[in-house]
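The values are calculated or read from the model by the stated rules, or taken from the named source; none is laboratory data. These numbers were taken from a predicted model, which means no experiment stands behind them. When we count neighbours, we look across all protein chains shown, and the Cβ atoms used for this are built from the backbone with ideal geometry, even at glycine.
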Amino acid sequence: MDNYNQKINKSYSMAHKGKTNKSFLKRVKITGRGKLMKRPPHQDHFNAKEGGDSARQKKGHLMAPKSLTKSAKELLQSNI
């Protein structure tokens, strides 16, 4: 009976980590080492009149700045 009570008490004492903000999670990628990658700005539309160099610079993902990483830890509590 003691083991059963210990399991119940342990489950109640564990702190809630919080929910992950899913809308923010869709905008960033988390690498295997925990770094954040984000899309470059102005990548979505109005790209037809741009030159090739600026269009190629917008491809792929960029490392997120450290200021974003700090605030992201609050939004992605269970993922980082």
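In summary, SER67 fulfils each of the numbered conditions (1) among the hydroxyl-bearing types (Ser, Thr, Tyr); (2) within 30 Å of GLY18 (Cβ to Cβ); (3) over 15 Å from the mean Cα position of the chain (by Cα) with the single exception of condition (3). The single condition from (1) at pLDDT 85 or above; (2) part of a helix (DSSP H, G or I); (3) more than 26 Å from the chain's Cα centre (by Cα) that SER23 fails is (3). Annotation note: of GLN43, GLN77, the sole residue that is of a type outside the set (D, E, K, R) and in contact (Cβ under 8 Å) with a residue 40 or more places away in the chain is GLN77. Does HIS45 satisfy the criteria of being surrounded by fewer than 12 Cβ atoms within 10 Å (Cβ to Cβ) and not charged (D, E, K, R)? Yes; evaluated as a whole, the condition is true for this residue.
Among the residues of segment 49-64, the ones that are more than 30 Å from LYS19 (Cβ to Cβ) and not in a loop (DSSP other than H, G, I, E, B) come to 6 in all. Can you tell me which residues in segment 55-70 are surrounded by 11 or more Cβ atoms within 10 Å (Cβ to Cβ) and among the polar types (S, T, N, Q)? Hits for segment 55-70 are GLN57, THR69.
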